[in-house]
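What follows is a short report on a single structure.
All of the numbers you see were taken from the coordinates with simple rules; none came from a lab. Computed from a prediction, not measured in an experiment: that's the story for all the values here. Cβ placement follows ideal geometry from the backbone for every residue including glycine, while neighbour counts extend to all protein chains displayed.
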Amino acid sequence: MVDLLVSVAGVFAGLAFLLALVRFLKGPTAADRVVAFDVLTIVSITGIVLLALVGGRAIYLDVALVYALLSFLGVIVVARYLERGLR
Amino acid sequence: MTGLLDLIGALVLVAGTAFLLLGGLGLVRMPDVFNRIQAGTKTTTLGTLLSLLGVALMQPAWSLKLLLIGVFLLFTNPLSSQVLARAAHRSGGDRSPVTRVDRLAEDCGDKP
């Protein structure tokens, strides 16, 4: 039962990733793509934590933390660039 | 007893990833970039926090690290969405006819 529920959670996270990827590929403006990128990274963090749970390895949690930090910095930098250009 | 905790944790985990799925659906279906920011950021914040809570219930030894990730997301996620919304507002772009109220332009004179 627990294994089935964890599998369902993995399928839901994968579907969320695919839907955000659709917006990332379609997005008419650059801001749409950055929003989709933000959602993609957050779903990926959940995916990494799920991978740690299934594999039973706590070291992946460190990977998820560093990934959260880097993706936040990436979104902020791209948003500043959209706002002012290269200055 | 540990079986019950595992079951509750798995249910919370499924609820969290269901919120992530709804956020992805909103990202595809919403009409313009401001609505997409709302749909994308709020649902993923709640969904990720619920997922982390579910994993913490299933593996109590990992609670501290999961709490660290959750607090970090709770700080950075609204910040990045706010910066993104301001950047989208200033860089113009098309907005859908249903997006009528623009408090940033009214209060601060910030031109779209």
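Quick one: in region B:46-104, which of the residues that are hydroxyl-bearing (Ser, Thr, Tyr) and under 20 Å from residue A:51 (Cα atoms) is surrounded by the most Cβ atoms within 10 Å (Cβ to Cβ)?
Keep residues of region B:46-104 that are hydroxyl-bearing (Ser, Thr, Tyr), which gives B:48, B:51, B:63, B:76, B:80-81, B:91, B:96, B:99.
Checking the rest, the ones that are also under 20 Å from residue A:51 (Cα atoms) come to B:48, B:51, B:63.
Values: B:48: 27, B:51: 31, B:63: 14.
Taking the candidates together, the pick is B:51.
If you scan region A:41-70, which residues turn out to be facing chain B (nearest Cβ under 9 Å) and in contact (Cβ under 8 Å) with a residue 12 or more places away in the chain?
Listed by number, the residues that qualify are A:42, A:43, A:45, A:46, A:49, A:50, A:52, A:53, A:61, A:64, A:68.
Taking region A:1-39, which residues are of a type in the set (Phe, Trp, Tyr) and touching a Ser or Thr at 6+ places or on another chain (Cβ under 6 Å)? Working first, answer last.
Just the residues of region A:1-39 that are of a type in the set (Phe, Trp, Tyr), to begin with: A:12, A:17, A:24, A:37.
A:12, the sole residue that qualifies.
Here are some residues: B:29, B:36. Which one is crowded, with 18+ Cβ neighbours inside 10 Å, free of Cβ contacts under 8 Å to residues at least 24 places away in the same chain and not hydrophobic (A, V, I, L, M, F, W, C)?
Details: B:29 fails: crowded, with 18+ Cβ neighbours inside 10 Å.
Only one candidate qualifies: B:36.
In region A:2-87, which helices (runs of 4 or more DSSP H) lie fully inside it and hold 2 or more residues that are within 14 Å of residue B:23 (Cβ to Cβ)? Please lay out each step first, then the result.
Details: elements: A:2-26, A:30-55, A:59-84.
Those helices (runs of 4 or more DSSP H) span A:2-26, A:30-55.
Among the listed residues B:28, B:55, identify the single one that is assigned to a helix (DSSP H, G or I) and either more than 27 Å from residue B:99 (Cβ to Cβ) or touching an Asp or Glu at 6+ places or on another chain (Cβ under 7 Å) (or both). It would help to see each step written out before you state the result.
On the way: B:28 fails: either more than 27 Å from residue B:99 (Cβ to Cβ) or touching an Asp or Glu at 6+ places or on another chain (Cβ under 7 Å) (or both).
Sole residue among the options that is assigned to a helix (DSSP H, G or I) and either more than 27 Å from residue B:99 (Cβ to Cβ) or touching an Asp or Glu at 6+ places or on another chain (Cβ under 7 Å) (or both): B:55.
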